[in-house]
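Enquirer: Let me give you the structure first, and then I'll get to my questions.
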Amino acid sequence: MAKVVDKDERRAHILDAAVRVFASKGAVGLKIRDIAKEAKVAKGTVYLYFENKDAILHAIMDDLHGRGDEASLYELLASPMPAVDKLHAVVEGFVHSTLNNEYPLELMPELWAAIIRSDQKDRLNARVKNTHQAVTALLRELGAKAEKAEKLGAGMLALFHGAIILHVLSPEDFNLRDVTEAVVNMLIEGIRD
């Protein structure tokens with residue numbers, strides 16, 4: 001009788017192996033054969049689940065950022081709570097999912113750079129644009145004019161991603177939660193002025 005393989009479990013197992021290889025060798029050193037060896041599967045098995053290295057990088061990105069983050073963001077935006085509370089909740093959700101991820105935070109900047117250089121760049125760009133659109137809508141709800149909300153939304157995304165890099169470099173000096181909360185408070189003051 002043939003062994004029954006749970007495809008979702010096998011994919012997750014391969015992805016976990018890919019993260020371990022990525023963490024030890026970086027994006028440049030990430031090779032399908034090394035992932036297969038780490039996962040204790042044949043190289044062809046990796047290709048059954050992932051088209052290529054770039055697809056693996058994107059899957060790692062999905063895992064690092066949490067697949068449900070965008071859905072949670074849109075649910076939050078549709079909620080009846082005041083806009084200021086929504087903004088604080090969005091930021092806290094971002095910080096919580098970033099700091100409580102099972103993968104090392106240090107992987108994020110290198111992963112972003114690898115995806116930007118890969119054939120997955122458009123998928124990452126679409127994700128960023130969707131998040132920007134949602135944040136811009138929230139800033140409009142807070143009272144920012146359309147053009148100002150667009151620019152503030154882009155700046156907010158840039159600041160958050162920069163805050164991750166600072167936190168990776170020196171979490172004692174640049175605590176992600178403290179930095180992002182300060183940015184949000186300044187943003188709210190700026191919109192109200």
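The values are calculated or read from the model by the stated rules, or taken from the named source; none is laboratory data. As the structure is a prediction and not an experimental result, all values here were calculated from the model. Positions of Cβ are backbone-derived with ideal geometry, glycine not excepted, and every protein chain shown enters the neighbour counts. These area figures cover heavy atoms from the full protein model, side chains too; ligands, DNA and RNA do not enter into them. Shrake-Rupley method; radii C 1.70, N 1.55, O 1.52, S 1.80 Å.
Enquirer: Rg to Rh ratio, the chain, alpha-carbon atoms and Kirkwood radius? Intermediate results must be reported in sequence, preceding the final value.
Expert: On the way: Rg = 19.0 Å, Rh = 18.3 Å.
Here Rg/Rh amounts to 1.04.
Enquirer: Follow-up. Roll a 1.4 Å probe over the protein chains and send me the accessible area per residue for the range 1-111 in Å². Please report the intermediate quantities before stating the final value.
Expert: Details: 6100 Å² over 111 residues.
I get 55 Å² per residue for the range 1-111.
Enquirer: Follow-up. Can you give the calculated 222 nm mean residue ellipticity of the chain, where each DSSP H run of n ≥ 4 adds -39,500 (n - 2.57) and the sum is split over every residue, rounded to the nearest 500 deg cm²/dmol? Don't skip to the end; give the middle numbers.
Expert: Values: 10 runs with 146 residues, N = 193.
-24500 deg cm²/dmol, from helical runs alone.
Enquirer: Any chance you could run the full-extension gain for L169 through A154? It's 0.36 nm times the residue separation minus the Cα-Cα distance, nm to one decimal. Mind showing how you got there, number by number?
Expert: Numbers: separation 15, 0.36 × 15 = 5.40 nm, distance 2.30 nm.
The L169-A154 span can extend by a further 3.1 nm.
Enquirer: At 1.4 Å probe radius, can you tell me the per residue accessible area of the range 115-163 in Å²?
Expert: Working: 2840 Å² over 49 residues.
Per-residue accessible area for the range 115-163 comes out at 58 Å².
Enquirer: Same structure, new question: If you put +1 on each Lys and Arg Cβ and -1 on each Asp and Glu Cβ, how big is the dipole of the chain around its Cα centre, in Debye rounded to 20? Intermediate results must be reported in sequence, preceding the final value.
Expert: On the way: 25 positive and 29 negative charges, 185 e Å.
Roughly 880 debye for the chain.
Enquirer: Taking Cα atoms, how many degrees apart are the long axis of helix 69-78 and the longest axis of the chain, rounded to 10 and kept between 0 and 90?
Expert: Orientation of helix 69-78: about 30 degrees from the principal axis.
Enquirer: While we're looking at this one, here's another question. Mind listing the Cα extents of the range 109-193 along all three principal axes, in Å, largest one first?
Expert: So the extents along the principal axes, rounded to whole Å, are 40, 34, 13.
Enquirer: To the nearest 10 degrees, how steep is helix 83-99 against the longest Cα principal axis of the chain, on a 0 to 90 scale?
Expert: 30
Enquirer: Next up: Using a 1.4 angstrom probe on heavy atoms only, work out the carbon and sulfur share of the accessible area of the chain in %. Provide the component values of the computation, followed by the final result.
Expert: Values: 6010 of 10920 Å².
The C+S portion of the solvent-accessible surface of the chain is 55 percent.
Enquirer: Taking a ≥ b ≥ c as the square roots of the eigenvalues of the Cα gyration tensor of the range 1-48, is the shape rounded (a/c under 1.5), prolate (a/b larger than b/c) or oblate?
Expert: Working: a/c = 2.99, a/b = 2.11, b/c = 1.41.
Because a/c hits 1.5 or more and a/b exceeds b/c, the range 1-48 counts as prolate.
Enquirer: Pairs K25/K53; K31/K121; K53/K121; K7/K37; K53/K86: which are spaced more than 25 Å apart, C-alpha to C-alpha?
Expert: Values: K25/K53 14 Å; K31/K121 19 Å; K53/K121 13 Å; K7/K37 18 Å; K53/K86 37 Å.
Violating the 25 Å Cα-Cα cut-off are K53/K86.
Enquirer: Now for a separate question. Which value, in nm² and rounded to one decimal, describes the direction-averaged projected area of the C-alpha convex hull of the range 56-136?
Expert: On the way: hull surface 21.5 nm².
Over all viewing directions, the range 56-136 projects a mean Cα-hull area of 5.4 nm².
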